[in-house]
Amino acid sequence: MPEQHLEGLALTCRPLGEHDRLLTLLSEAEGLTRLAVPGARRPKSSLAAAVPLAHLVLQVGGRGGLRRVRQLRVLRNYSGLAQRLETLAAAQALAELCLKLVPGETPAPGVLPDLLLQLGRLEAVVTERAERVEALAVAVQGSIHLLALGGFALPLQHCVRSGAPLLPPIGDWSWRCSLLPSEGLAIGAIPGARVMLNPSELALLQRLTRPAPPRSRDGRLMGPEAVWLHLLDLVEAWCGEHLGQRPRAFRLLRTACDPMSSHPSEPA
């Protein structure tokens with residue numbers, strides 16, 4: 001097989017043999033690809049930059065089996081997200097989602113650009129010293145986007161039981177809709193529902209399908225931290241039902257944002 005260039009984001013890097021690494025790369029062209037990076041664990045290796053959350057251009061070669069990275073160039077490294085626990089946890093959760101949603105060796109249109117957009121927003125949380133709820137919002141909105149791109153979109157426009165439009169009556173605090181993880185959102189407070197939303201929470205959730213975060217006219221993020229944690233509950237329940245497991249980093253994110261909270265859902 002001739003050598004080729006492959007651009008993507010390193011999602012995971014694990015030891016391979018004594019000096020090499022096994023890289024899982026997310027790219028538009030090939031979805032998830034596993035690659036050997038020879039000598040990457042040697043301190044002075046030219047391939048040592050093959051690390052998680054690095055946006056790379058790789059020269060790849062090899063015939064059959066595990067292909068090998070020959071050269072690499074770093075376009076951007078998101079290692080600065082580790083300066084804050086909530087930004088690192090949000091990034092890891094989105095990376096975990098991609099590992100579950102994206103098929104191997106198959107084009108994955110839209111996933112890499114959206115993930116890079118969310119990582120850039122998390123970088124801004126660090127550099128601008130923004131409130132931790134900003135990282136939580138990126139994780140929730142990024143998850144909504146990735147689930148849709150991966151074919152597991154939350155049905156947010158119609159009641160899954162009646163077919164009626166989901167039009168949140170803002171100001172009617174008695175109104176509820178319920179998450180039925182195997183189906184979607186249904187109007188009413190349904191016994192046994194995993195998560196229930198009031199009108200304001202549903203309205204905020206519906207805005208998360210848009211490209212930009214929901215902000216008021218003064219630029220402040222809409223919704224208090226408690227609401228974003230509630231929406232995280234909903235995303236976790238949906239992932240657990242449809243992907244078989246919720247991202248483990250969501251627990252770390254919850255701890256970073258609300259150390260005293262108890263998780264309302266079943267363990268993964």
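The values are calculated or read from the model by the stated rules, or taken from the named source; none is laboratory data. Everything quoted here is computed from the prediction, not taken from an experiment. Here the Cβ positions follow ideal geometry from the backbone for every residue, glycine too, while neighbour counts run over all protein chains shown. With ligands, DNA and RNA removed, areas are computed over all heavy atoms of the protein, side chains included. Shrake-Rupley method; radii C 1.70, N 1.55, O 1.52, S 1.80 Å.
Does any residue of the stretch 71-87 turn out to be assigned by the TED database to the domain that holds L252, in a loop (DSSP other than H, G, I, E, B) and open to solvent by 30 Å² or more (accessible area, probe 1.4 Å)? Scanning the stretch 71-87 turns up at least one residue that is assigned by the TED database to the domain that holds L252, in a loop (DSSP other than H, G, I, E, B) and open to solvent by 30 Å² or more (accessible area, probe 1.4 Å). Can you confirm whether P103 is assigned by the TED database to the domain that holds F152, at pLDDT below 95 and surrounded by fewer than 16 Cβ atoms within 10 Å (Cβ to Cβ)? Yes; evaluated as a whole, the condition is true for this residue. Taken over the stretch 155-183, the criterion of being within 21 Å of the chain's Cα centre (by Cα) and either modelled with pLDDT of 95 or more or open to solvent by 30 Å² or more (accessible area, probe 1.4 Å) (or both) is satisfied by P155, L156, L179, S182. Could you please find all residues in the stretch 35-70 being in a strand (DSSP E or B), farther than 26 Å from L88 by Cβ and open to solvent by 20 Å² or more (accessible area, probe 1.4 Å)? Across the stretch 35-70, the qualifying residues are Q59, R67, R68, R70.
Restricting attention to the stretch 184-225 and to residues that are among the β-branched types (V, I, T) and free of Cβ contacts under 8 Å to residues at least 40 places away in the same chain, the residue that is least open to solvent (accessible area, probe 1.4 Å) turns out to be I190.
Scanning the stretch 226-237 for residues that are open to solvent by less than 10 Å² (accessible area, probe 1.4 Å), in contact with a helix residue (DSSP H, G or I) (Cβ under 8 Å, 6 or more places away or on another chain) and not acidic (D, E) yields W228, L231, L232, L234, V235.
Rundown of residues vs (1) in contact with a Gly (Cβ under 8 Å, 6 or more places away or on another chain); (2) without any contact (Cβ under 8 Å) to a residue 12 or more places away in the chain; (3) of a type in the set (D, E), yes/no style:
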site: P113; (1), (2), (3): no, no, no
site: L119; (1), (2), (3): no, no, no
site: A137; (1), (2), (3): yes, no, no
site: S162; (1), (2), (3): no, no, no
site: L167; (1), (2), (3): no, yes, no
site: L179; (1), (2), (3): no, no, no
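If I filter the stretch 125-145 for residues that are open to solvent by 40 Å² or more (accessible area, probe 1.4 Å), in a helix (DSSP H, G or I), under 21 Å from C257 (Cα atoms) and in contact with a Ser or Thr (Cβ under 9 Å, 6 or more places away or on another chain), do I get at least one hit? Looking for residues that are open to solvent by 40 Å² or more (accessible area, probe 1.4 Å), in a helix (DSSP H, G or I), under 21 Å from C257 (Cα atoms) and in contact with a Ser or Thr (Cβ under 9 Å, 6 or more places away or on another chain), one finds at least one in the stretch 125-145, hence yes. The strands (runs of 3 or more DSSP E) located wholly in the stretch 151-244 that include 2 or more residues which are assigned by the TED database to the domain that holds A130 and closer than 22 Å to L101 by Cα occupy 177-180, 184-187. Of all residue pairs spaced 6 or more apart or on separate chains, those with beta-carbon atoms under 6 Å, a first member in the stretch 30-56 that is farther than 12 Å from H19 by Cβ and a second member that is of a type in the set (K, R) are L35/R67; A50/R21; H55/R76. Condition test on E18, is it out of contact with any Asp or Glu (no Cβ under 6 Å at 6 or more places or on another chain) and in a helix (DSSP H, G or I)? Here the answer is no, as E18 does not meet what is asked. Against the list (1) modelled with pLDDT under 95; (2) among the small types (G, A, S); (3) within 15 Å of T12 (Cα to Cα), the condition A108 fails is (3).
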